[in-house]
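The structure under discussion appears below in the form of C-alpha cells.
The values are calculated or read from the model by the stated rules, or taken from the named source; none is laboratory data. These figures come from a predicted structure and were not determined experimentally. Cβ placement follows ideal geometry from the backbone for every residue including glycine, while neighbour counts extend to all protein chains displayed. Heads up: the accessible areas ignore ligands, DNA and RNA and are worked out on the full protein's heavy atoms, side chains in. Shrake-Rupley method; radii C 1.70, N 1.55, O 1.52, S 1.80 Å.
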Amino acid sequence: MNANGKILRNLSDLTDAGFVHTDKRAALENVAARYAIAITPAIAELIDHADPSDPIARQFIPDPAELEHDPAESPDPIGDFAHSPVEGIVHRYPDRVLLKLTHLCAVYCRFCFRREMIGPHAHALNASALDAALAYITAHPEIWEVVLTGGDPLVLSPRRLQQVVSRLAAISHIAVIRVHTRLPVADPARITPALVRALKARGKATYVVLHANHPRELTPAARTACARLVDAGIPMLSQSVLLRGVNDDTTTLGELMRAFVACRIKPYYLHHADLAPGTSHLRTTIEHGQELMQALRGRYSGLCQPIYVLDIPGGHGKSPIGPNYLTAEALDRYRIADFNGDFHCYPPPK
Ligand SMILES: *Cc1c(COP(=O)(O)O)cnc(C)c1O
Ligand code: SF4
C-alpha cells in the first residue's frame, strides 16, 4: 500500500495510504494542526490495515482522543525547562546533560513526552546556540556524560554528527557520549557505515539507546541496523514506553525484551508514560505496570528485565517505581516476595 517509499506527513498522505478513512478525517484536522505527523515506509509496512487496534498504528496514526486534555497533563511533562541553563541543554543530574541537537524525528510518536517542543515547526538549535551549549559543557567539569537527544539526533547527516561528536570528544572530562534514537527501527537503511563511524570517537565510549515499544518493530532490517552499531563496538541499550493497547500485556512486553536481548541490546528503561497532553488514552496505571514487571521476573531471562521508571513531573528526575519485593514486616523480619508472588521471611543482620 505504501510501496512507493514515501514518508507520510499529513492527513492526505494517511488517507491516500488507507490509514485514515475519509469520514474520520475531519475529526483529525485539529490534531494534525497541533501535533506533527510522520510515518516512514518501514513503519507503514508494519501496520496491519485489517486490525483496528493494531499496536503499531496506535503509536503513529493520529487519534481524535489526542484533543482530550487531562488537567494533570503538561506541555513540559518532565520539567525540561526548569533545568535548561542554556538553549539545547538540560542539566538535571550533576554528572550528565541532555544535548538536544534537533527537533526533528523520522517518525512522530503520538505519546511523545516532548510533543509540544518537537516537529518541523519547532525552533531548531542554530550554530551559535550549539557553540554556547558546548561552552556550557566545557565549563562544567562535573559533566561526565552527554546524552544526544531531541528530536532524534540520528536524523542529522553523518557529517554533522561527526562534527558534534568530535567537539564533545575534545572535552577532556567527557567520557561517554550516549545517543537516544528511534532511527534503527523507523528508518533502518539510514544506519549506514558512515553514520556508525560518525558516532565513534577515539578514547571515548559511545552508547546507543534504542526506543522501541513492540516486538514487531524489530524487523530483520532493524536487526541488521542494530548489528551494524554493535559490531562496530557500540553497546546498545533499550528504552520503551509502557503504552495501553501496545505493549501492556506480559507476552508482548516479554517478547519485546527478548527481541532486544537477541539483538544484543540490553533492556534499560521501561518508562511509565509521561503526562504529555492528549495521551491519556495511551497510559496505563502504575499498578498494572508493576504487575507486568513482576510477571516478567522469573518467567523471562534476567537479561530481559528493564527498570520501570517514572520521570517525576516538575523536573525531579527518574525514579524506579517497582514492584517492591521487600518489606520490613517487624524489627526481626523482612518479608520478601518471590516471582510467583509467594512470600518468605528473611532475617535482618544481627
Ligand atoms: C533521562 C534523563 C537523563 C538520563 O538519565 P539516566 O538515568 O542516566 O539514563 C539525563 N538527564 C535528563 C535531564 C534526563 O531526563
Ligand atoms: S522518536 Fe522520541 S522524540 Fe521523536 S516523537 Fe518519538 S518519542 Fe518523541
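Numerical summary
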{"quantity": "Lone qualifier among PRO85, PRO153 - being without any contact (Cβ under 8 Å) to a residue 60 or more places away in the chain, outside the structural domain of ARG34 (by TED's automatic domain parsing), farther than 26 Å from ASP231 by Cα and touching a strand residue (DSSP E or B) at 6+ places or on another chain (Cβ under 8 Å)", "calculated": "PRO85"}
{"quantity": "Hits in the range 191-205 (condition: under 21 Å from the mean Cα position of the chain (by Cα) and surrounded by 19 or more Cβ atoms within 10 Å (Cβ to Cβ))", "calculated": "ILE191, LEU195, VAL196, LEU199"}
{"quantity": "Residue check for ALA50: among the aliphatic types (A, V, I, L, M) and either without any contact (Cβ under 8 Å) to a residue 24 or more places away in the chain or in the same structural domain as PRO277 (by TED's automatic domain parsing) (or both)", "calculated": "yes"}
{"quantity": "Counted residues, the range 126-140 - those being open to solvent by 20 Å² or more (accessible area, probe 1.4 Å) and either away from ligand 1 (no atom under 15 Å from the Cβ) or in a strand (DSSP E or B) (or both)", "calculated": "8"}
{"quantity": "Selection within the range 272-305 - within 16 Å of ligand 1 (Cβ to nearest atom) and in contact with a Ser or Thr (Cβ under 7 Å, 6 or more places away or on another chain)", "calculated": "ALA273, LEU275"}
{"quantity": "Segments classed as helices (runs of 4 or more DSSP H), wholly inside the range 12-116, with at least 2 members that are of a type in the set (Asp, Glu), open to solvent by 10 Å² or more (accessible area, probe 1.4 Å) and more than 16 Å from ligand 2 (Cβ to nearest atom)", "calculated": "22-34"}
{"quantity": "Set TYR334, TYR308: member being touching a Pro at 6+ places or on another chain (Cβ under 7 Å), open to solvent by 60 Å² or more (accessible area, probe 1.4 Å) and not charged (D, E, K, R)", "calculated": "TYR334"}
{"quantity": "Which listed residue, of ARG228, ARG258, ARG244, is closer than 23 Å to SER319 by Cα and open to solvent by 50 Å² or more (accessible area, probe 1.4 Å)", "calculated": "ARG244"}
{"quantity": "Residue among GLY289, GLY315 that alone is within 18 Å of the chain's Cα centre (by Cα) and at pLDDT below 95", "calculated": "GLY315"}
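Yes/no matrix, rows are residues, columns are (1) free of Cβ contacts under 8 Å to residues at least 24 places away in the same chain; (2) within 18 Å of LEU243 (Cβ to Cβ):
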| position | (1), (2) |
| --- | --- |
| LEU256 | no, yes |
| HIS271 | no, yes |
| GLY289 | no, yes |
| ARG297 | no, no |
| GLY302 | yes, no |
